[in-house]
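Engineer: Okay, here's the structure, questions in a sec.
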Amino acid sequence: MTGIVKRLVIGRAMRSEELHETLLPKRIALPIFASDPLSSVAYATQEILLVLSLGGLAYLHFTPWIAATVVFLLTIVVLSYRQVVGAYPSGGGSYEVVSTNLGPSAGLVVAASLLVDYVMTVAVSVASGVDNIISAAPELADYRVLMAVVFVAILTAINLRGVRESGRAFATPTYLFVGGVLIMIATGLFRYLVGDAPVAESAKYGITAHPGDSNLAGLALVMLVLRAFSQGCTALTGVEAISNGVPAFRKPKSKNAATTMSVMGIIAITMFVGVTALALISKVHITEDACRLTGLDGNCENYTQRTVIAQIAAAVFGGEHSFGFYFIQAATALILVLAANTAFNGFPLLASILAQHRYLPRQLHNRGDRLAFSNGIVALAVVAALLLWGFHANVTQLIHLYILGVFTSFTLSQTGMVRHWNQELRAETDPVLRRRHQVARVINGTGAVVTGLVLLVVLATKFTQGAWLAVLAATVLWVMMRGIRRHYDATSAELAVTDPHAELVLPSRVLGIVLVSTIHKPTLRALSYARAFRPDHLEALTVSIDRDEAAELRDRWEEYGIEVPLKIIDSPYREVTRPVVEYVRSIRRESPRDIVAVFIPEYVVGHWWENLLHNQSALWLKSRLLFTPGVMVTSVPWQLTSSARADRPAARAPGAVRRGEPKNHRPAEPRSTGSRQG
């Protein structure tokens, strides 16, 4: 049944040779890798207004200047990453650039920052999408967290089907959102030019300044503006995803990726400028606390503020019951949820590269049935869902943990690119190529300086509001990845073969031990199997808790004429595992050059609940014996009738484990003779 459900959700397994069929054309790559920066226009302007409104309406006139600075920064970053795509087409993006030019430790800083930021991308995008759904249907506010977690689960299932299929699923909603927002901008600006400017529903409300934030001047005012700017920089999140995903493009990969990045930059800038302009034209007034809006007649507790883009859509298209309003809300909610797909592609790709470099568990480098990095997708989904649950899917709380990682990546990658061009210029003699490299160096140098300054601003304005959690998470991840690399390096050094002939020397003797609880079919099969190995010495071993039952077992052993000698170990404290382990270790101490082969009969059951009905002592025995040098543990399975029924072809999904390759091994009872059969 599990296999059938898996195939329904994920689809048929794909052969490794079919990997080329998953490569993406530009029209599909755009919604896959650029949905995050494109969708950020739905909340970037809102975040600027929320901060400026702390001082009431007095500081909203800074909005155009802040937006212009964000546009300048976005332009620089897009141009900079076009250079990255051309110079490093193998994927890895910022991590590869920094690791190659600034060293592995700096590369891990970028990797840790990006992994944290990808998790935040999923959490913030999904939470923001849920916010827009609640703007259209306020009665759903109580189900905020549940909806967010369900959306993460849906995204996970779609991405497990493969990059190409997820791109097809997300392409239409992305283009509908872009088209809807551009139509809204054009309609709103046209109405403004003909003298019929749209008016937001919140334009009639004033805003009471937050205590201590009225009449700001000097450094306090600068910090408020810088904080608003840092919030608006959320418009830049996900820009680097294309540089990480170059290998997923069709050939010519670098050219197609660079073109996609340019298109993404143009669309994102156009929409961000348009939404910001309409927010100012329609006089959108929004605060973190609705009770700071004046004119609500004391009903602020029951008043749900609509998002900025929702208020603009209602103002432009003629009210909250218009088709245009519902279309924009539906498209915005959908694209914000789907914007998390940028992270669902970037996180597994980066984790796969890190796993290949032995900084993360190797399982993250493996592709799943649909040639996607399934383990990375599932890991991202679990962490993001926990984050949404912990922060109650609240965008305002989550946003403070956001963008710090991405600007760390921007700054270090552009610095690395400057060093890359310096090295290229030292070796290049062609005047035309030298001029190109010099221009590229100027672009990347400007990007490094600008993004570095923004990183300092973001760190200063967000650190105490929650960004310290992102710093802590990235630091812990950095330390963990270095520890994983040390472990893999130490393991490789320990397992390396220096003298093959010495390693191939045969042991002096092979001593076989079959664990016995009673005389039944699994025991006899294990004895036969052990004898087939022809060890130098073979014996059966049982632990006696009850002397009468031990004597009965010995009598039956002799009655059946079993040629293998039976050894009984007394256990006055009714333990099973410790006496067996100590006995095996005593053999090793007496004969260090001998190999001890321990054979354990096991049951194979067909239902999960049957596992609860059988003694699990052999699991403990195996786990303890595996830590003993020179001891080999062999499981001898016995399939119960229920396992045979569960393995019938009609009940087995494609790709399921076949009989003879049991999936649910559970020990038969190689335990004391004083225990009854389970």
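Engineer: Let a ≥ b ≥ c be the square roots of the eigenvalues of the Cα gyration tensor of the range 526-616; is it rounded (a/c under 1.5), or, if not, prolate (a/b larger than b/c) or oblate?
Structural biologist: Values: a/c = 1.30, a/b = 1.23, b/c = 1.06.
Judged from the Cα gyration tensor, the range 526-616 comes out rounded (a/c under 1.5).
Engineer: I would also like to ask the following. Which far-off residues, 5 or more places away or on another chain, put their amide H under 5 Å from the one on Phe249, with H placed in the peptide plane?
Structural biologist: Sorted by chain and number, the residues that satisfy this are Leu24.
Engineer: Also, quick follow-up: Spelling out what I want: for every residue of the range 126-135, take phi, set θ = phi - 60°, compute 6.51 cos²θ - 1.76 cosθ + 1.60 (Karplus), and round to whole Hz; glycine and proline get x.
Structural biologist: 5, 4, 5, x, 5, 4, 5, 5, 5, 4
Engineer: Then there's this: Using a cut-off of 11 Å between beta-carbons, work out the net charge of the residues near Val124 (Lys and Arg +1, Asp and Glu -1, Val124 not included).
Structural biologist: Numbers: positive: none; negative: Asp36, Glu47, Asp117, Asp131.
Combined, the nearby Lys, Arg, Asp and Glu give -4.
Engineer: Moving on to the next point. Using amide H atoms built 1.01 Å from N in the peptide plane, name the residues 5+ places from Leu566, or on other chains, whose amide H lies under 5 Å from its own.
Structural biologist: HN-HN under 5 Å from Leu566: Ala540.
Engineer: Next up: Karplus couplings for the range 144-157 from phi (6.51 cos²θ - 1.76 cosθ + 1.60, θ = phi - 60°), rounded to Hz, Gly and Pro as x?
Structural biologist: Here the 3J(HN,Hα) series is 4, 5, 4, 4, 4, 5, 5, 4, 4, 5, 5, 4, 4, 4 Hz.
Engineer: Pull out the extension gain between Arg486 and Thr208, defined as 0.36 nm times the separation in residues minus the alpha carbon to alpha carbon distance; nm, one decimal. Kindly include the intermediate steps, with their values, before the conclusion.
Structural biologist: Numbers: separation 278, 0.36 × 278 = 100.08 nm, distance 5.60 nm.
Stretched fully, the Arg486-Thr208 segment lengthens by 94.5 nm.
Engineer: What FRET efficiency would be calculated for the residue pair His392, Ile154, taking the C-beta separation as r and a Förster radius of 25 Å, to the nearest 0.05? List each step's numbers first, then the result.
Structural biologist: Working: r = 20 Å, r/R0 = 0.80.
With a Förster radius of 25 Å, E is 0.80.
Engineer: I would also like to ask the following. Lysine pairs in the chain with Cα distance under 22 Å, only those 8 or more apart or on different chains: how many are there?
Structural biologist: Counting lysine pairs in the chain gives 10.
Engineer: Sticking with this one: Between the range 279-321 and the range 423-449, how many Å separate their Cα centres?
Structural biologist: 49
Engineer: Something else now. Compute the relative contact order of the chain as a whole-number percentage, counting only Cα pairs closer than 8 Å that sit 6 or more residues apart in sequence.
Structural biologist: On the way: 1116 pairs, mean separation 132.1, N = 678.
Dividing the mean separation by the residue count of the chain yields 19 percent.
Engineer: Compute the distance in nm between two label points, each set 7 Å from the Cα along the Cα-to-Cβ direction, one at Ala141 and one at Tyr583.
Structural biologist: Taking the two extended label points, one gets 7.0 nm.
Engineer: What angle, in degrees between 0 and 90 and rounded to the nearest 10, separates the Cα long axis of helix 547-560 from the longest principal axis of the Cα atoms of the chain?
Structural biologist: 70
Engineer: Could you tell me the relative contact order of the range 393-474? Use alpha-carbon pairs under 8 Å, at least six residues apart, and round to a whole percent. If you can, show how the numbers build up before the last one.
Structural biologist: Values: 63 pairs, mean separation 40.4, N = 82.
Across the range 393-474, relative contact order equals 49 percent.
Engineer: While we're looking at this one, here's another question. Calculate the FRET efficiency for Cys300 and Phe190 from the Cβ-Cβ distance with a Förster distance of 22 Å, rounded to the nearest 0.05.
Structural biologist: On the way: r = 35 Å, r/R0 = 1.58.
Working from the Cβ atoms, E equals 0.05.
Engineer: Next up: Determine, from the Cβ-Cβ distance of Ser90 and Leu495 and an R0 of 35 Å, the FRET efficiency 1/(1 + (r/R0)^6), rounded to the nearest 0.05.
Structural biologist: Details: r = 29 Å, r/R0 = 0.82.
It comes out at approximately 0.75.
Engineer: Check the cysteines of the chain one by one and keep only those with no other cysteine Cβ under 4.7 Å from their own.
Structural biologist: Cys233
Engineer: Shifting gears a bit: Report the label-to-label distance for Phe627 and Tyr326 in nanometres (one decimal), using points 7 Å from each Cα along the Cα→Cβ vector.
Structural biologist: Taking the two extended label points, one gets 6.4 nm.
Engineer: What range in the chain is the longest one free of GluC sites (Glu not before Pro) that are in a loop by DSSP and have at most 16 other Cβ atoms within 10 angstrom?
Structural biologist: Details: sites that count: Glu288, Glu428, Glu563, Glu575.
That gives 1-287 as the longest site-free run.
Engineer: Another question, if that's okay. Using a basic spin-label model with each label point 7 Å from the Cα along Cα→Cβ, how many nm lie between Gln356 and Leu280?
Structural biologist: 4.6
Engineer: Follow-up. Is the C-alpha gyration tensor of the range 467-535 telling us rounded, prolate or oblate? Criteria: a/c under 1.5 is rounded; beyond that, a/b larger than b/c is prolate, otherwise oblate. Numbers along the way, then the final one.
Structural biologist: Values: a/c = 6.95, a/b = 1.90, b/c = 3.66.
It comes out oblate by the Cα gyration axes.
Engineer: Provide the gained length on full extension for the span Arg434 to Asp570, in nm with one decimal, where the gain is 0.36 nm per separating residue minus the Cα-Cα distance. Spell out each step's value before the answer.
Structural biologist: Numbers: separation 136, 0.36 × 136 = 48.96 nm, distance 8.38 nm.
Gain on extension, Arg434 to Asp570, equals 40.6 nm.
Engineer: Using all C-alpha to C-alpha distances in the chain, build P(r) with 10 Å bins and read off the rounded percent in each one.
Structural biologist: Result, from short to long distances: 3, 13, 19, 18, 14, 11, 9, 7, 3, 1, 0 percent.
Engineer: For Thr294, which sequence-distant residues (separation of 5 or more, or a different chain) have an amide H within less than 5 Å of its own amide H, given hydrogens modelled in the peptide plane?
Structural biologist: Residues meeting the criterion, in which the H sits 1.01 Å from N, are Gly206, Ile207, Thr208.
Taken together, the values in this text are just the output of simple stated rules run on the coordinates, not laboratory data. The shown structure was predicted, so the numbers you read here are calculated from the model rather than taken from an experiment. Neighbour counts run over all protein chains shown; Cβ positions are idealised from the backbone, glycine included.
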